[in-house]
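Asker: This structure is in structure tokens; I'll ask about it shortly.
Only the coordinates and a few stated rules stand behind these numbers; no lab work does. All of these numbers come straight from a predicted model, not from anything done at the bench. Cβ: placed from backbone, ideal geometry, glycine included. Neighbour counts: every protein chain shown.
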Amino acid sequence: MLFELKSVFLADGESSEIRYELDITDIDIDGIFPFTSPVSVTATAVNRASLVTLTLDCEYGFCRPCDRCGAELSGTEHKRFEHRLVQTLVDETNDDYIETPDFTLELDEVVISDIILHYPQKFLCSEDCKGLCPVCGKNRNEGDCGCEKQTVDPRLEILKQLMKE
Ligand SMILES: [Zn+2]
Ligand SMILES: [Zn+2]
């Protein structure tokens, strides 16, 4: 979606808004498709004292397995991203600034990169997820499986192996 920003850039106090849907359900992250619905994007550009700020309100459905127990969690994510729009970039390394030399901005790329960059590396169903039992594979959040709790010191295991040889 192309965002026309000329009127915003040229007048202090001016603003413009676009609402649209962007399909991201085919984005594959580490073998899963975590986005279950298109993103509802509300993009707002505001000129305040000749500084143009872009705000992206993004809402989308997600479904992702817990990294520890594998239980799938789904819900709706609402994220807000902000960028400063400038005619010419002074600092190329700052992602907060986006160059819009011809007063237009392709929103899709910005929305997708913001969502991917803020996609959490680690994802747990809860902070104290107990994970799966290493012996029987039962989800330990659902109750104790009765397996003997093994506390194997990896250093002792290595020693044992060495002794055998
Ligand atoms: Zn979990
Ligand atoms: Zn078990």
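Asker: If you take every DSSP beta bridge whose two residues both sit in the chain, what share of them, in percent to the nearest 5, is antiparallel? List each step's numbers first, then the result.
Answerer: Values: 37 of 40 bridges.
Looking only at bridges with both residues in the chain, the antiparallel portion is about 90 percent.
Asker: Could you please state, rounded to a whole Å, how far the C-alpha centre of region 76-117 is from the C-alpha centre of region 1-43?
Answerer: 10 Å
Asker: Sort Arg80, Arg68 so the one with the fewest other Cβ atoms within 10 Å of its own Cβ comes first. Mind showing how you got there, number by number?
Answerer: Numbers: Arg80 11, Arg68 18.
Ascending Cβ contact count within 10 Å gives the list Arg80, Arg68.
Asker: Between 0 and 90 degrees, rounded to the nearest ten: what's the tilt of helix 107-117 against the longest Cα principal axis of the chain?
Answerer: 30 degrees
Asker: In addition: Listing Phe3, Phe123 from the residue with the fewest other Cβ atoms within 10 Å to the one with the most, what is the order?
Answerer: Working: Phe3 21, Phe123 14.
So the residues, fewest neighbours to most, are Phe123, Phe3.
Asker: Still on this model: Using only Cα atoms, tell me the angle between helix 154-164 and the longest principal axis of the chain; keep it within 0 to 90° and round to the nearest 10.
Answerer: Roughly 40 degrees, rounded to the nearest 10.
Asker: Of the listed peptides 5-17, 84-96, what is their order by residue-averaged count of other C-beta atoms within 10 Å, with the highest listed first? If you can, show how the numbers build up before the last one.
Answerer: Numbers: 5-17: 14.6, 84-96: 11.0.
By packing density, highest mean first, the sequence is 5-17, 84-96.
Asker: Would you order Glu127, Glu59 from fewest to most other beta-carbon atoms within 10 Å of each residue's own beta-carbon?
Answerer: On the way: Glu127 5, Glu59 16.
Ordered from fewest to most neighbouring Cβ atoms within 10 Å, Glu127, Glu59 come out as Glu127, Glu59.
Asker: Quick check on the chain: helices-only [θ] at 222 nm, where DSSP H runs of length 4 and up contribute -39,500 (n - 2.57) each and the sum goes over total residues. Nearest 500, please.
Answerer: Working: 3 runs with 27 residues, N = 165.
Taking each H run of at least 4 residues, the total per residue is -4500 deg cm²/dmol.
Asker: Which residue, Ala71, Pro120, Pro154, has the largest displacement toward the positive end of the dipole of the chain when charges sit on each Cβ (Lys, Arg +1; Asp, Glu -1)?
Answerer: Pro154
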